[in-house]
Amino acid sequence: MFETRRCRLIEVRIPDAEEIKALYSNQEVRKYLGGVREADSVQEEINKMVLLRKPIFCWVVREKRTDRFMGTLSLDPHHDGHDFELSYQFLPEWWGKGFAKETVLFAINYAFTELKLKKIVAETQTANVSSCKLLEKSGMKLEKIVTRFGAEQALYSIEAG
């Protein structure tokens with residue numbers, strides 16, 4: 001388990017499945033992430049997160065004060081085969097309050113100091129303006145725009161400094 005100022009990051013466990021399924025079935029959360037996912041496919045994803053572990057780092061994010069589920073954060077191999085990708089999903093009630101930025105900054109630091117990565121990437125739809133702004137405020141730079149998954153994607157990166 002890791003902590004930020006206001007959050008706890010705990011490795012994904014099977015008992016987290018129902019909360020994660022609720023996240024993956026939330027239309028607002030999934031608007032720019034390929035849409036709502038069926039419970040069975042989410043369960044398969046959770047099983048992979050739990051069983052595979054390293055080199056996949058997946059955390060459930062909880063508010064430190066109340067222990068309420070907020071979302072997920074992960075570092076795992078990007079499909080380009082070269083870099084690790086930072087990914088996050090938070091329930092709408094936690095948006096705009098700085099929690100995502102707090103945990104993204106934790107993940108960036110963890111990637112460079114603990115995992116000794118040289119570079120990490122994050123990919124989001126260009127239409128997801130809030131996510132683009134979050135990545136930029138977290139020190140990531142726009143590397144390129146690509147069309148993938150049927151939409152225009154912004155690929156951000158940051159290198160160890």
Practice problem: Only residues in the stretch 12-38 that are closer than 18 Å to THR126 by Cα and acidic (Asp, Glu) count as the first member; pair them with residues that are part of a helix (DSSP H, G or I) and at pLDDT 90 or above, Cβ under 6 angstrom, at least 6 apart or cross-chain, and list the lot. | Solution: GLU28/PRO92
Practice problem: Scan VAL29, VAL42, VAL60, VAL36 and give me the residue that is out of contact with any Pro (no Cβ under 6 Å at 6 or more places or on another chain), more than 23 Å from ARG148 (Cα to Cα) and not small (Gly, Ala, Ser). | Solution: VAL60
Quiz item: What number of residues in the stretch 68-81 are more than 18 Å from LEU134 (Cα to Cα) and either of a type in the set (Asp, Glu) or in contact (Cβ under 8 Å) with a residue 60 or more places away in the chain (or both)?
Solution: 2
Self-check item: When residues of the stretch 1-30 are limited to those that are of a type in the set (Lys, Arg) and in contact with a strand residue (DSSP E or B) (Cβ under 9 Å, 6 or more places away or on another chain), the one modelled with the lowest pLDDT
Solution: ARG13
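For every residue, the table says whether it meets (1) out of contact with any Cys (no Cβ under 7 Å at 6 or more places or on another chain); (2) within 22 Å of VAL29 (Cα to Cα); (3) touching a residue at least 12 places away in the same chain (Cβ under 8 Å).
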{"residue": "LEU105", "(1), (2), (3)": "yes, yes, yes"}
{"residue": "GLN125", "(1), (2), (3)": "yes, yes, yes"}
{"residue": "VAL129", "(1), (2), (3)": "yes, yes, no"}
{"residue": "ALA154", "(1), (2), (3)": "no, yes, yes"}
Quiz item: How about the stretch 104-153: which of its residues are among the hydroxyl-bearing types (Ser, Thr, Tyr) and within 16 Å of LEU73 (Cα to Cα)?
Solution: TYR110, THR124, SER131, SER138
Self-check item: Checking PHE84 against (1) in contact with a strand residue (DSSP E or B) (Cβ under 6 Å, 6 or more places away or on another chain); (2) touching a residue at least 40 places away in the same chain (Cβ under 8 Å), the condition it does not meet
Solution: (2)
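The values are calculated or read from the model by the stated rules, or taken from the named source; none is laboratory data. Only a predicted model underlies this, so the values are computations on that prediction, with no experimental measurement involved. Heads up, the Cβs are rebuilt from the backbone with ideal geometry, glycines too, and the neighbour counts pull from every protein chain shown.
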